[in-house]
1. With axes computed from alpha carbons, what is the tilt in degrees of helix 2-20 against the longest principal axis of the chain, rounded to the nearest 10 within 0 to 90?
2. Work out the charge dipole of the chain with +1 on the Cβ of Lys and Arg and -1 on the Cβ of Asp and Glu about the Cα centre, then indicate which of L150, L24, V135 is farthest towards its positive end.
3. How high is the FRET efficiency between E124 and I78 when r is their beta carbon distance and R₀ equals 30 Å, given to the nearest 0.05?
4. Just to be sure I understand, if you calculate percent of Cα pairs over 27 Å apart for this structure, which of (i) 31; (ii) 27; (iii) 39 do you get?
5. Would you mind checking the tilt of helix 33-42 against the longest principal axis of the Cα atoms of the chain, expressed as 0 to 90 degrees and rounded to 10?
6. Provide the per residue accessible area, probe 1.4 Å, for the chain, rounded to a whole number of square angstrom.
7. I'd like the accessible area for L45, computed on protein heavy atoms only with a 1.4 Å probe and all protein chains in place. Round to 10 Å², please.
8. I'd like the accessible area for V116: 1.4 Å probe, protein heavy atoms, all chains in place, Å² to the nearest 10.
Amino acid sequence: MKTIAYLVLSFSLISSSALADTVLKISGAPAVSNAITVKAESNGLSNVELDSKQTFDVVSDGSKLGTLVQGRGWMRDIHPVCFVAWSTNNKDVDFFKTTIGVDDWETADCDKIDAVGLISKPEESDTKIAVVYSVDTRGQASHNYVIFGLRNKNELFYDLRTTARFENSYVNTISELRKKYQVE
């Protein structure tokens, strides 16, 4: 009987600590897809595609904070560009950012979204989310990434400082990014 009570107590402690963590859960096709497509088109993209395999609900303490959507479109029908969208209510786009293919990454073509994952340190107040892309720069295939943060639990922002910190580091996976980020 003591063994069963111990197991139940242990399980409840493990479960409550797991709920306290922020996790990504595959979301599939987002309910907000039409609004995201309109937003992408208003940013100059055509032939917009959302990547349901890289679309995640962000859950913290058992509550959904929002949905992180990865997508790709074409600038002037010749240049592939990736983007990230965020919705907290499945109706409106709260955040939208074009990534690979524009601004700092304008010389790269975004081939595809490879991975999305959490890289945060346990003691951090802002959750850090990394997105790893396969890119083509002047005929050379490689990987690149962009780091986002969540402040106040559900306010997504582009983390330029952390993204720049790993520039030219040749990190290719979420686990490598997490390890390097958590050590520094």
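The values are calculated or read from the model by the stated rules, or taken from the named source; none is laboratory data. Predicted model, so just to flag it, every value in this text is computed and none were measured. In this analysis, Cβ positions are derived from the backbone assuming ideal geometry, glycine residues included, and neighbour counts consider all displayed protein chains. All accessible areas refer to the heavy atoms of the entire protein, side chains included, with ligands and DNA or RNA removed. Shrake-Rupley method; radii C 1.70, N 1.55, O 1.52, S 1.80 Å.
1. Once rounded, one gets 30 degrees.
2. Of L150, L24, V135, it is L24.
3. Step by step, r from the Cβ atoms, then E = 0.15.
4. (i)
5. Relative to the chain, helix 33-42 is tipped by roughly 40 degrees.
6. Details: 10250 Å² over 184 residues.
I get 56 Å² per residue for the chain.
7. Roll a 1.4 Å probe over it and L45 shows about 10 Å².
8. Probe radius 1.4 Å; accessible area of V116 about 20 Å².
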